[in-house]
1. Based on the alpha-carbon gyration tensor of the stretch 1-44 and its eigenvalue square roots a ≥ b ≥ c, which shape applies: rounded if a/c is under 1.5, prolate if not and a/b is larger than b/c, or oblate?
2. Given R₀ = 25 Å, FRET efficiency for ILE34-SER70 by Cβ-Cβ distance, to 0.05?
3. Measuring with a 1.4 Å probe in the full set of protein chains, what accessible area per residue, in whole Å², belongs to the chain?
4. Exactly which trypsin sites (Lys or Arg not before Pro) in the stretch 43-149 are in a DSSP loop and have at most 10 other Cβ atoms within 10 Å?
5. If you roll a 1.4 angstrom probe over the protein chains with everything in place, what fraction of the accessible area of the chain belongs to carbon and sulfur, to the nearest %?
6. Can you compute the radius of gyration and Dmax for the stretch 59-119, using only the Cα atoms, both in Å?
7. Considering the Cα positions of the chain, please state its Rg to one decimal place and its Dmax as a whole number of Å.
8. GluC sites (Glu not before Pro) within the stretch 35-142: which are DSSP loop residues with at most 13 other Cβ atoms inside 10 Å?
Amino acid sequence: MLLFSFFLFWKRFNNFLSYIILKVLKKRISFPCIKTNNIIKLLPSFIVNWTLWTAGFYFFALALSDSEMSLLVGFCFPMAATFAIVAIVSPGGLGVREGILAFSMILLGVSSTDAITISTASRLWFLIGEGFFFLLALILNKGNETKTV
């Protein structure tokens, strides 16, 4: 992760790696380098996004369970989603997110039955949300289609 971060954010390291690739593969390949200003501009939207997902998951979990839950349960979703994104062995983190969610909720005192139910239902909850945004984008793009011949 450290090397990848250097590669993405440090122009000198990025150029060095591009030079090595040029010497080894005999092809010029340029990689984008992310500027700190762009990160600072995007950071608030990422924070708002993850905060809303955390709160949404907490209330979702409360709705599916009769027992009291710690506020920390909400943070299980961002943690599990992040690990699922990083998971290489499973496409889309399928099963990884649910396993981490169930395990972390059980560690926080949620019954295993509730934890498994919530973690499985969260996949459907998230899929419905993604489907909604996909359909919304299709509807909004309806008039902006360009015709190719």
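The values are calculated or read from the model by the stated rules, or taken from the named source; none is laboratory data. Bear in mind the structure is a predicted one, so any value in this text is a computation, not a measurement. Cβ coordinates were reconstructed from backbone atoms using ideal geometry, including for glycine residues, and neighbour counts include every protein chain displayed. Please note that ligands, DNA and RNA were not included when accessible areas were found on the heavy atoms of the full protein model with its side chains. Shrake-Rupley method; radii C 1.70, N 1.55, O 1.52, S 1.80 Å.
1. Working: a/c = 3.47, a/b = 2.44, b/c = 1.42.
Since a/c reaches 1.5 and a/b is larger than b/c, the shape of the stretch 1-44 is classed as prolate.
2. According to the calculation, E is roughly 0.10.
3. Accessible area per residue, the chain: 76 Å².
4. Those that pass, being in a loop and sparsely packed, are LYS147.
5. Carbon-and-sulfur percentage of accessible area, whole number: 72.
6. 11.3, 35
7. Gyration radius and largest Cα-Cα distance of the chain: 20.7, 63 Å.
8. GLU68
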